[in-house]
Each structure stands twice: as structure tokens, then as C-alpha cells.
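The values are calculated or read from the model by the stated rules, or taken from the named source; none is laboratory data. Source: prediction; values computed, not measured. Here Cβ is always computed from backbone atoms with ideal geometry, including for glycine, and neighbour counts include all displayed protein chains.
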Amino acid sequence: MTMRTLARRALAALLATTAVTGFAQEASPPANPADPEAAGEVLAVEDYILRIQALDDSGPHLNAVIDYDRAAAATARRQASVGPLHGRTVLVKDNIETREFPTTAGSLALKDNATGRDAPLIAALRAGGGVVLGKTNLSEWANIRSDNSTSGWSAVGGLTRNPYAIDRNSCGSSSGSGAAVAAGFAWAAIGTETNGSITCPASINGIVGFKPSVGIVSRTHVVPISSTQDTAGPMARNVHDAALLLTAIAGADPADPATLEAKRVADYTQGLDDYSLKGVRIGVLRSAVGQRGDVKALFDAALADLTRAGAVLVDIDYQAPGEMWQASLPVLLYELRVEMDKYLSGRPVEGGPRSLADLVAFNKAHADEEMRWFGQELFEQALETTDADAYAKNVATLRRLTRAEGIDKLLADNKVAFLVAPTQGPAWTTDLVNGDNFGGRIGAGYLAAIAGYPHLTVPMGAVEGLPIGLSIMGGQWQDHAVLKAGAAYERARTAVLPAPRFRPWRPAER
């Protein structure tokens, strides 16, 4: 019996208990990681699968992974010589098409949606040496079905649990991707975001999440919500790994016009290890801190770390105009109807829904399974949101308020390179009956989401063992600069980060 077999058996025995500590947060390794690191990731594939079996299929039943490839280790060995990922394993949110798994968006209406094709971003992942380990659970339909939903729940995958406290929420809609990376189920994962769906689960699950500028990554063959806001992005244990994954999946796609306008760099890891914050002016969004003293204390400590690293902090008082909120939802609902009809009608699969109206009818016919916990009022509103002139006016309003009079103005007027704020408060107790409770107005990620600009979240500590992230936002196509700033903060960070506990939350001992 080999030493590796013995080690795997020991790991399996350890994971059979729920007292396992999981993977602690790692700082970024140097850019251009040495070959042994990639080789180690290839060797770790079977251990990732053991963790899924012990913590997702059984034990605390995190429900982060819907399905996975039991033969992924062989694929990783074949991909080990292909760069830049060299056989690293990636879990993929189940609204992104991969050829080997159905793409369900968490809905029973698409449980048989086996298209047999890869989304272009997945084709790029494989071409770059990545291995699709499996599909992750999500908030059904990326949390656009109802405004009273519970993040992390889908009819296909059930309820995703937070590895740090399994009775707490994992946030949406990339809940499974966030929980899976935190639990050590893969090297990294891919999520999608319309407004907060990468950054919130990354923050709450204690990992790095990056929402790129819209257009950096293709959206073709990704179950859609919004043509102006949707994007896929990396979720990983450190900034370097997120940048490496972005390098693999970024690229132009003739079927997605937004990607043809994007300004990319060839390697998003370049310069991460030696970027200095000395003299860099950073805007601090004080109004986004909220009313929690514990979150403010973590944020103040992160600001102190930035100052010690040489950054020049500039306080900014920003309040989102009410006009923004009046325009935001109508834009999403209009685009949801148009884009969902386009996606469903073009699926190369016999049977199943072909329009948003078909989805509404399916949910009514399967209400016991689909609508036990919350309804579909947003779907139904989207069917009625058909005024093209009003839509165009609302898009123009959002572009003005979040770009020219939003992030662009804040950066220019204050002569700052980035904006920072807490990403989100601590994870709330999951309540399927009453829905989500985000716990106050913390964060300003909506600005980057609506503008289509880059937004990175990096762990900055925890409140009673529940992770909190630091948001770093920049201007359009400043993705590489934002990642470099995140890596510099990661090196300067003094906070002690907790490890997942895989049990219900309980007060920390003092």
C-alpha cells in the first residue's frame, strides 16, 4: 500500500467527523508559481473528491456541489502539461454550460438540459489546462425569481450551507461556488454575478471573489439575467489564484458583442507579487460601512493595513440617488424576459421550456416542489415589462448615475485609483420561511455591478467566526490594477482569518 493511499485513507477518516477545520485562507504566492505547485494540485484531485464525499454528500451535507466527475484525476494528469492552469481543478456554477453535465440553473424545468456543449469560457478553461471537476449549486435562477427568496436554495440542489456555520447562509447566487472553495472541494470555482452574486458569497464564505468588467469574459451559453450586468468570474482562496483563473477564461467572443470592446491583459497574475501601494490614493466609502461596530472595527483595521503599506486614504461621502433604484429593477426585468427567451429558445435539447412564459407555467404546475418557500413574482413582472422606450431611458439613467456621475466621478474628483468598502455583513441565519436578511446597508458593490466595472473582495477578518470581505473597486477595464491592489492588501493584512468549522454557529470563547 503506497504512502499516498494511506494518506487518503487517513484524510477520509478525518473528514468522516464534522470537527474538520478545512482549508485556511492563503496569501498570494508569487506570480509565475513553480511547477511543483501545479503538480501538487494534480495530485490533490482525489483528495478534493474525498472532501466532497465526506462534507457535501454526507457529514454536514453542505450541498455546495450538484454533481462531480469521479474520473477527474485522470483528466488532470492529461492536462498537467497544458498552461497556464496545468491540470488545476475548477468547479462551475450550474448556470454555465459544460458538455458533460446538464445545466439546470437550479430549476427542475431544466433538469434535463444536457446541451452537450461548452460555454466559450469553459472551452477556454480547458484549453488553458483547467479541469472541470463538477457543477455547483446556486440560488435558483440566480435569485431573480422572487424578492423573498432564500439565497443558496434551488429545487435541484437543495440548500447550500455555509462551511463556517452550517445554519448560516452562504449568500447568493454563486452560493455553491463560494461554499465549495471555502470547504476545499477544488482549487477554485467559477461564479456569475448580476449584482453581488460573486462578491457576496465570496465575502460570507471567507474567500476571494472577482467580478470582472462586463465584457472581459464571454456570456454565451450562460443562463442569463441581464445583458448589461451579467458576467462570470473567478472565486478562489487567494488573489493570485483568482487572477490565474481569470487569465484562462477571459477572451473575446463574436457571439457576445460586449467582449469585443473589452481591454484585457494577457496575464492577470503579472505584477501581483511586487505591486506597491506606496503613494496610491484610495477612496474610502465611509457611508457604505453601515451601523455595525464590529464590521467598522474590521474595516478600520484593514484601512490601517493599507496605510502601513503606503496607501494614501481619502474619505468619500457618497449616497446613491433614489433615481438609481427606481431604474435598476425595471432594467433587469426587461432584460430578463428578452435574454431568457433567447437562451431557452436556442437550446439544442428537445422538450422543456422555450420562453420565460413557459417557466412561469412550469412553476405553477410544479408548485409543491418549486414554490414551497417563495413565489415567482419577479418572473411574472418581467413578462409585463415590455416598454422598450422606458427601458432605453432607464439604461441611460443607470449608465449616467453609476459611471459618469458615479464611479468615474468619484475617482476623478478625489484623485483616487480605487474605492474601498466592506463587502457585506456577517452571514445571517438561514430561514426558508421568511427569506433572506442581509442585515443593514453594508457595502457599495451595486455601483460596480450596475456600471459593469471591476469589483474584488478579499477577506479582512471575521465577526464571531463569520468572515467579512474588503471590497476594492475601480474604473472600467481596470481589472488588472484592482487585482494588483488586492494582492498588495493581502500581503499587508494583519487580521487572523478563521477556518471553516462545519458545524452550527456558536459564540466564540473569550
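One line per residue, one yes/no per condition, for (1) within 29 Å of Glu261 (Cβ to Cβ); (2) crowded, with 24+ Cβ neighbours inside 10 Å; (3) in contact with an Asp or Glu (Cβ under 9 Å, 6 or more places away or on another chain):
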| residue | (1), (2), (3) |
| --- | --- |
| Ser175 | no, yes, no |
| Gly184 | no, no, yes |
| Asp230 | yes, yes, yes |
| Pro234 | yes, yes, yes |
| Arg237 | no, no, yes |
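Residue pairs whose Cβ atoms lie under 8 Å apart, separated by 6 or more positions or on different chains, with the first residue in the range 218-238 and at negative phi and the second among the small types (Gly, Ala, Ser) and at pLDDT below 95, are Asn238/Ala27; Asn238/Ser28.
Scanning the range 81-100 finds one or more residues that are of a type in the set (Asp, Glu), at pLDDT 95 or above and surrounded by fewer than 18 Cβ atoms within 10 Å (Cβ to Cβ).
Counted as qualifying within the range 185-292 are the strands (runs of 3 or more DSSP E) with 3 or more residues that are touching a Ser or Thr at 6+ places or on another chain (Cβ under 8 Å), namely 188-193, 208-211, 231-236.
Within the range 476-496, does at least one residue satisfy the condition of being in a loop (DSSP other than H, G, I, E, B) and surrounded by 24 or more Cβ atoms within 10 Å (Cβ to Cβ)? Scanning the range 476-496 turns up no residue that is in a loop (DSSP other than H, G, I, E, B) and surrounded by 24 or more Cβ atoms within 10 Å (Cβ to Cβ).
A quick yes/no check of all residues on (1) touching a residue at least 12 places away in the same chain (Cβ under 8 Å); (2) in a helix (DSSP H, G or I); (3) over 30 Å from Leu285 (Cα atoms); (4) among the hydrophobic types (A, V, I, L, M, F, W, C):
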position	(1), (2), (3), (4)
Glu323	yes, yes, no, no
Pro330	yes, yes, no, no
Leu344	yes, yes, yes, yes
Val349	yes, no, yes, yes
Val360	yes, yes, yes, yes
Asn363	yes, yes, yes, no
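Contact map, the range 463-491: residues that are on the phi > 0 side of the Ramachandran plot paired with residues that are surrounded by 24 or more Cβ atoms within 10 Å (Cβ to Cβ) and at pLDDT 95 or above, Cβ distance under 6 Å, separation 6+ or inter-chain. Pairs shown: Trp477/Ser213.
Evaluation of Asn113 against the conditions (1) out of contact with any helix residue (DSSP H, G or I) (no Cβ under 7 Å at 6 or more places or on another chain); (2) without any contact (Cβ under 8 Å) to a residue 60 or more places away in the chain shows that the sole unmet condition is (2). Of the residues making up the range 384-430, those that are among the β-branched types (Val, Ile, Thr), touching a residue at least 60 places away in the same chain (Cβ under 8 Å) and more than 23 Å from Lys296 (Cα to Cα) number 4. Whether a residue is among the small types (Gly, Ala, Ser), modelled with pLDDT under 95, farther than 23 Å from Ala114 by Cα and out of contact with any Asp or Glu (no Cβ under 9 Å at 6 or more places or on another chain) was assessed, and Ala38 passes this test.
In the set Ala155, Ala180, only one residue is surrounded by 24 or more Cβ atoms within 10 Å (Cβ to Cβ) and not basic (Lys, Arg); that residue is Ala180.
Exactly one residue out of Pro426, Pro422, Pro330 is more than 27 Å from Ser203 (Cα to Cα) and surrounded by 15 or more Cβ atoms within 10 Å (Cβ to Cβ): that is Pro330. Could you tell me whether any residue of the range 346-353 is under 30 Å from Arg99 (Cα atoms) and among the acidic types (Asp, Glu)? Yes: the range 346-353 contains one or more residues that are under 30 Å from Arg99 (Cα atoms) and among the acidic types (Asp, Glu). With Leu419, Leu344 as the choices, which residue is under 29 Å from Thr220 (Cα atoms) and touching a Leu at 6+ places or on another chain (Cβ under 9 Å)? Criteria check complete, one pass: Leu344. Looking only at the range 425-460, count how many residues are over 19 Å from Ile407 (Cβ atoms) and either part of a loop (DSSP other than H, G, I, E, B) or more than 18 Å from the chain's Cα centre (by Cα) (or both). Within the range 425-460, residues that are over 19 Å from Ile407 (Cβ atoms) and either part of a loop (DSSP other than H, G, I, E, B) or more than 18 Å from the chain's Cα centre (by Cα) (or both) number 16. Of all residues in the range 311-327, those satisfying the criterion of being surrounded by fewer than 18 Cβ atoms within 10 Å (Cβ to Cβ) and either of a type in the set (A, V, I, L, M, F, W, C) or out of contact with any helix residue (DSSP H, G or I) (no Cβ under 9 Å at 6 or more places or on another chain) (or both) are Val312, Leu313, Val314, Gly322, Trp325.
Of all residues in the range 431-451, which are surrounded by 23 or more Cβ atoms within 10 Å (Cβ to Cβ) and either free of Cβ contacts under 8 Å to residues at least 40 places away in the same chain or out of contact with any Pro (no Cβ under 8 Å at 6 or more places or on another chain) (or both)? Selection gives Ala444, Gly445, Leu447, Ala449, Ile450, Ala451.
The residue that is nearest to Ile450 (Cα to Cα), counting only those in the range 381-398 that are under 27 Å from the mean Cα position of the chain (by Cα) and surrounded by fewer than 17 Cβ atoms within 10 Å (Cβ to Cβ), is Ala396.
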